[in-house]
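Okay, so here's the structure we're looking at.
Any read-out appearing in this document is the output of simple, stated calculations on the displayed coordinates, not a laboratory observation. Just so it is clear, the structure is predicted and the values come from calculations on it, not from any experiment. Glycine gets a Cβ as well: all are built from the backbone with ideal geometry, and neighbour counts include every protein chain shown.
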Amino acid sequence: MGFDMKVEKSRFLTYKSDLDLPISQLFELAKSAKSVIRLALDIGGGTGTFAAQMKRQNQRLPVFDGVLDLVRCGHAVNRWIPVTSMEFLFFDVDRVLRGGGYFLLDHFFSKRTDLDKVFTPLIGKLGYKKVKWAVANKTDSSGVKNGEDFCPSVKNILLLDSEGKRVAVKYYSDDWPTNSAKEAFEKAIFTKTQKTNARTEAEIAMFENNIIVYKFVQDLHFYVTGSEDESELILATVLQGFFDAVGILLRGNAEKREALENLDLILLCIDEIVDGGIILETDANSIASKVASHSIDSGAPLSEQTISQALATAREHLARSLLK
């Protein structure tokens, strides 16, 4: 049908950014889950390329209803499809996938303003476990003109002490696959930034093709990391939201000892800001209020509770979630 493997030889085989999922990595994910990928369906542009690359791996690509191991939606599935049609498509994908099958939504893009309100909840309705979730700005001319994103995201949120030791950290990227790699990164950025004056306002640094925004108070060092293509302003907004929310939860006493005594609240705080790398909230008051009012049976707002009651309830919520 005119397919030229010489022209298409690198597609689905190379890794250029976190947005890419080469076939080799896809198979590794399946292998680690003790799963297989034999029957797959590719929806959208690039069907011939994907099929040819799968054939080279001795994998079949028939188009069947039901019991599929993998469904991939490529660039053609994007914000230009009406939401009602897209929702039908996603649930039809869910229908044809077997239990434990994989849904690869590849380079989906949308307007920034629609991301949190429309598409993230739409994808979330499927209730799938995320085995890889990577997002980035859409930096081509169309993306810049229309304010489109592959989704603004962060790679990690770190809270270190004045010696570079962990207080609370969360990672959302495969850039640091082991705990030792994470600790090495933390040590490296602490060494790079510890002598800077980041106490009155946030500072920005580049490190290993990442943008790092950071701010210090007392003996606590706050960091947010994003890809080199990410908006510095967005990362700085996330950092400030985290910084201010921690200050509220610690009642203005933002220091290591107090942070460790309230570590459960800080971890809940991070979860309210970012989920799987996706930015959920940056307003400090909203973040602190959500943390303090987690699963309050009475439904009373934070303003109608004592601080001790609200924080005790948040701790109970965290304890219940850990026991599930």
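Values for this structure:
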| quantity | calculated |
| --- | --- |
| Within the stretch 214-261, trypsin sites (Lys or Arg not before Pro) in DSSP loop having at most 13 other beta-carbon neighbours inside 10 Å | 251 |
| For the stretch 158-267: span of alpha carbons on each principal axis (Å, largest first) | 36, 29, 25 |
| Per-residue Cβ neighbour rank within 10 angstrom, fewest leading, 125, 182 | 125, 182 |
| HN-Hα J in Hz across the stretch 100-107 - Karplus 6.51, -1.76, 1.60, θ = phi - 60°, x for Gly and Pro | x, x, 10, 10, 9, 9, 9, 6 |
